[in-house]
Amino acid sequence: MSVKKQPTLTFYRPDFESALRIPYIKEGVSAGFPSPATDFLGNDIDLNKELCKNPLATFYIKVKGNSMINAGISDKDILIVDRSLEPQNKKIAVCFIDGEFTVKRIKKENDCLYLMPENTNYQPIKVTEENELVIWGMVTYVIKSM
């Protein structure tokens, strides 16, 4: 009997041809004291175009699991990932390690690289010469349900 492992990430491509326009209030909303209401909605926004700075290198991924919960990334959140960005220390990346995808924070230490979870129930992954690692892209935004 073989056990089939469930994928931890589901990939999606942004739809830049979408005609869906959502009303957008540029003035923002106060998170402190209430501000006077605005009767003017002004503009529309296309989140594909707004959140994807490099359209040809951008994709969406649905998260499965909670290893990054302390970084504000929860199960079923959607990550916006840009493959054109260079990996950086302390930034969050989608990685392909030893045949599996994962999302972790990159930690460079002397001559060593770690993929760090943001949940104490998970152990860091020390990347060695024996591992096959590809950093697929850098997380730029998290879309979550409230």
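Summary table below
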{"quantity": "Unique match (being at pLDDT below 90, hydroxyl-bearing (S, T, Y) and either on the phi < 0 side of the Ramachandran plot or out of contact with any Phe, Trp or Tyr (no Cβ under 9 Å at 6 or more places or on another chain) (or both)) among S74, S30, S67", "calculated": "S30"}
{"quantity": "Boolean, I92 is closer than 23 Å to T120 by Cα and at pLDDT 95 or above", "calculated": "yes"}
{"quantity": "Selection from region 95-109 of residues that are touching a residue at least 40 places away in the same chain (Cβ under 8 Å) and either among the small types (G, A, S) or in contact with a Lys or Arg (Cβ under 7 Å, 6 or more places away or on another chain) (or both)", "calculated": "C95"}
{"quantity": "All strands (runs of 3 or more DSSP E) inside region 34-146 with 1 or more residues being open to solvent by 80 Å² or more (accessible area, probe 1.4 Å) and farther than 30 Å from E17 by Cβ", "calculated": "100-109, 125-127"}
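The values are calculated or read from the model by the stated rules, or taken from the named source; none is laboratory data. Model, not experiment: these values are computed from the prediction. All Cβ positions, glycine included, derive from the backbone under ideal geometry; neighbour counts span all protein chains shown. Heads up: the accessible areas ignore ligands, DNA and RNA and are worked out on the full protein's heavy atoms, side chains in. Shrake-Rupley method; radii C 1.70, N 1.55, O 1.52, S 1.80 Å.
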